[in-house]
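Written below as structure tokens is the structure these notes are about.
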2 protein chains.
Amino acid sequence: MSENILVIGGGPAGLNAAVMLSELGVNVTLVERDSFLGGNPKKFKYKFLFPDMQPADNVIGELIKKAESGGGIKVYYSSEISDFKENGKKFDVTIKSADGSETKTFDSVIVATGFEHFDPARDAKYSYQLFDDVIDIKDLERMMGEDNFVRPSNGKPPKNVAFILCVGSRDRHVGNQYCSRVCCTVSVKQAIELRERFPDCEAYIFYMDIRTYGFYEDLYWKAMEEHDVQIVKGRIAEITSGPDNTVICKGEDTLLRGPFEIPFDMVVLASGMEGGPQSPEISSKLGIELDEHGFLKPENITLSPFKSNKPGIFLAGACTGPKAISDSITEGAAAAMNAYAYVIKNR
Amino acid sequence: MSENILVIGGGPAGLNAAVMLSELGVNVTLVERDSFLGGNPKKFKYKFLFPDMQPADNVIGELIKKAESGGGIKVYYSSEISDFKENGKKFDVTIKSADGSETKTFDSVIVATGFEHFDPARDAKYSYQLFDDVIDIKDLERMMGEDNFVRPSNGKPPKNVAFILCVGSRDRHVGNQYCSRVCCTVSVKQAIELRERFPDCEAYIFYMDIRTYGFYEDLYWKAMEEHDVQIVKGRIAEITSGPDNTVICKGEDTLLRGPFEIPFDMVVLASGMEGGPQSPEISSKLGIELDEHGFLKPENITLSPFKSNKPGIFLAGACTGPKAISDSITEGAAAAMNAYAYVIKNR
């Protein structure tokens, strides 16, 4: 076959789109800005994925292996789109890499440029850069993955840990009114892991609403009933330093109606998801719409969440909003289907 | 092309799978148990879909029109699978309709049998069948759609309405521990509609957690700030009859820490989603797995949520769990992609 489809972004969504298309015999070009495939799960070394504590490496590793095993996928690493022009129903695209620039014509394009984690340092009340023992959700994932879960301040195992949800989410103060969708479930999963591996360490979760939607709810019950994770409704107002090298979470328990100041050995900030600096750039280069939150905007959020506003350009994964990895993989396949149908129609 | 793919279920997921495959020139057979296409959104006459208040008829109508416009999709209405046998990598399937039975061989199968709404009559505390003015989420959707939103007891417009979330969800008492995922957002959407169309009618929402995840959060803020919807954290313990032909919601406001008994003109129960009686039957006939909640179980919830445990049989939409309509449509495309790749591989 002579179909040529461009996939921008080698995370879960882009990888699955590329792999599925290559199985149909389509020539796929995959452009990745990093020097490796796998997206944020690989970049931040996610260890186990919810809901079933599946090793992230199994999921991502299998997709990477398929993408790298030849079979019609040409991967450009450490590369970006430097020029993008419509050419009838096709697209002339210049790919810039360390080896120079190359311009190719594609029959369709799939954008799967993913998300960025919110940087907790942007909200001073969390003292993220001030105290060594305040880390974020991706820092913990990496530490767990490296079997090196200790207090950064002194290298010793913590006796109690607080998880703070909605960091950079549901918060107009930092400019993100939306909910980042998966931080609740990731935090509940991490609290379970922590209690399983370090039974002497207590785990607290401070939340506004526990959004373990659908079957993720199973993890919430399991955390409470089997692992004695303490789940407290209340937003944290401030993190300060306490006695004995602790960090103090100050807030109000909105259910029990009382203020609290609890010293913790470690605090994990459940930092949310943002469209990131790449989205406006992709939006402007490809001439596709950006939404009010800084993510790429589907043509019709209900009927075609995988189509951009421009015929022939499709969207997949967290570039259109916060998303679980399984959703991104599913959207990769859906975008692949739509790109392929577009190409067949215009043959 | 000679590929033959069977799609079981003509709701949003099955319809989109069928339409996408037909665009590739595949011969699709679509088997629907009802006498019409469109699934639950059509059956229960959903009016406007969240998040953007898009008319459901636009979304479903467009898919139905494409499926019925010829183009390689043969639809069997009021039909069911009466026999199912593996035949090497293919499937011999007997379809039973009013016209008799027909056995055909298919190269692949997509199951999109959807969900059933939880029947609130199964939990006596809601008095669903006892009081005319206690309705459920799908009753309200139909009444709004028919421009006939009045109290069933006396035909007059209500002055205040309570929405009760998690009816049949997150509730071991009725056997459903999982969260039904979309009832929060649907209720918030309905409360906004109600306040827009009947500004003199007050709207209360009683919740455990408001799960307007991701961008659905926008609706939550809009409901509170623009439409003055009262959102109260507390589970309802009982619904009884009150003075002046009202229904009383008894519960405890867990944030303000006080019991309440509020008389309402109408109560809307946000009844959740269940796998329904069709899922065990499909599971047993096709030899695919059922999960602990009564939905069909994907082979690998993270890496391949659209594959069953049996090669060649794919899954899409709410048959695998509670889901928004946009997710179902996306999964329809993803399942179509996978079914097509399976067929190409085994050609």
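Charged side chains reduced to their Cβ positions (Lys and Arg at +1, Asp and Glu at -1) give chain A a dipole of some 860 debye around its Cα centre.
Listed by chain and number, the aspartates and glutamates whose C-alpha is less than 13 Å from the C-alpha of residue B:65, apart from same-chain residues fewer than 8 away, are B:57.
In this Cβ point-charge picture (+1 for Lys and Arg, -1 for Asp and Glu), the protein assembly as shown has a dipole of about 1280 debye about its Cα centre.
Let me check I've understood the local charge: for residue A:126, count other residues with C-beta under 14 angstrom from its C-beta, Lys and Arg +1, Asp and Glu -1. What total comes out?
Working: positive: A:122, A:125, A:235, A:250; negative: A:119, A:123, A:132, A:133, A:136, A:139, A:171, A:238.
Charge balance near residue A:126 sits at -4.
Values of log10 I(q)/I(0) for segment B:300-347 across q = 0.14 Å⁻¹ run -0.32, by the Debye formula with one identical scatterer at each alpha carbon and no solvent. Distances from residue B:255 to itself in the other copies, using label points 7 Å out along the Cα-Cβ axis, amount to 1.5 nm in increasing order.
What's the average, rounded to a whole number, of partner chain beta-carbon atoms within 10 Å of each residue's beta-carbon in B:215-222?
On the way: counts 12, 4, 11, 5, 0, 4, 4, 0.
The per-residue average across the peptide is 5.
Applying D = kT/(6 pi eta Rh) to the protein assembly as shown, where Rh is the Kirkwood radius over alpha-carbon pairs, T corresponds to 20 °C and eta to 1.002 mPa s, the Stokes-Einstein value obtained is 81 µm²/s.
Helical content alone sets the calculated 222 nm signal of chain A at -8000 deg cm²/dmol, taking -39,500 (n - 2.57) per DSSP H segment of four or more residues and averaging over every residue. When the Cα atoms of chain B are aligned to their principal axes, the ranges along those axes come out at 68, 38, 37 Å in descending order. Using a Gaussian network model of chain A with C-alpha springs under 10 Å, which one of A:201, A:166, A:319 is most mobile by mean-square fluctuation? Looking only at A:201, A:166, A:319, the largest GNM fluctuation is found for A:201. Between chain B and chain A, roughly 5200 Å² of accessible surface gets buried, counting both sides and using a 1.4 Å probe. Could you tell me which residue out of A:194, A:106, A:173 lies farthest along the dipole of segment A:78-203 toward its positive end? Charges go on the beta carbon: Lys and Arg +1, Asp and Glu -1, centred on the Cα centre. Toward the positive end, the furthest listed residue is A:173. Calculate log10 I(q)/I(0) of segment A:213-347 for q = 0.12, 0.21 Å⁻¹, where I(q) comes from the Debye formula with a single equal point scatterer on each Cα and nothing for solvent. For segment A:213-347 at q = 0.12, 0.21 Å⁻¹, log10 I(q)/I(0) is -0.73, -1.19.
Kindly identify segment B:118-272 as rounded, prolate or oblate by the Cα gyration tensor criterion: order the square roots of the eigenvalues as a ≥ b ≥ c, call it rounded if a/c is under 1.5, otherwise compare a/b with b/c, prolate if a/b is larger, else oblate.
rounded
The distance from the alpha carbon centre of segment B:1-71 to that of segment B:201-254 is 34 Å, rounded to a whole number.
Residue by residue, segment B:128-134 carries 3J(HN,Hα) couplings of 4, 8, 7, 10, 4, 8, 9 Hz when phi is fed to the Karplus relation 6.51 cos²θ - 1.76 cosθ + 1.60 (θ = phi - 60°); x denotes Gly or Pro. This model, with +1 at the C-beta of Lys and Arg and -1 at the C-beta of Asp and Glu, gives segment A:268-326 a dipole about its Cα centre of some 200 debye. Electrostatic tally near residue A:74: other residues with Cβ closer than 12 Å to its Cβ, Lys and Arg +1, Asp and Glu -1, net -2. Element breakdown for segment A:1-157 at a 1.4 angstrom probe: carbon and sulfur atoms account for 46% of the accessible area. With 29 Å as the limit on Cα-Cα distance, the pairs of A:156/A:250; A:43/A:250; B:43/B:297; A:345/B:297; B:43/B:66; A:45/A:66 that go past it are A:43/A:250; A:345/B:297.
What's the average, rounded to a whole number, of partner chain beta-carbon atoms within 10 Å of each residue's beta-carbon in A:110-123?
If you average over the peptide's residues, the count of other-chain Cβ atoms is 0.
Close amide-amide hydrogen proximity is noted between residue B:176 and B:171, each under 5 Å apart and 5 or more residues distant or on a separate chain (H modeled in the peptide plane; Pro and chain starts excluded).
Give, ordered by residue number, each residue of segment B:331-347 whose 1.4 Å probe accessible area is reduced by a minimum of 20 Å² on adding the remaining protein chains to the chain alone. In segment B:331-347, residues shielded by partner chains: B:333, B:334, B:337, B:338, B:340, B:341, B:344. Would you mind counting up the charge near residue B:239? Only other residues with Cβ under 14 Å from its Cβ, with Lys and Arg at +1 and Asp and Glu at -1. Result for the local shell: -4.
The values are calculated or read from the model by the stated rules, or taken from the named source; none is laboratory data. No experiment lies behind these values; they were computed from the predicted model shown. Positions of Cβ are backbone-derived with ideal geometry, glycine not excepted, and every protein chain shown enters the neighbour counts. Areas reflect the complete protein model, heavy atoms only, side chains present, ligands, DNA and RNA absent. Shrake-Rupley method; radii C 1.70, N 1.55, O 1.52, S 1.80 Å.
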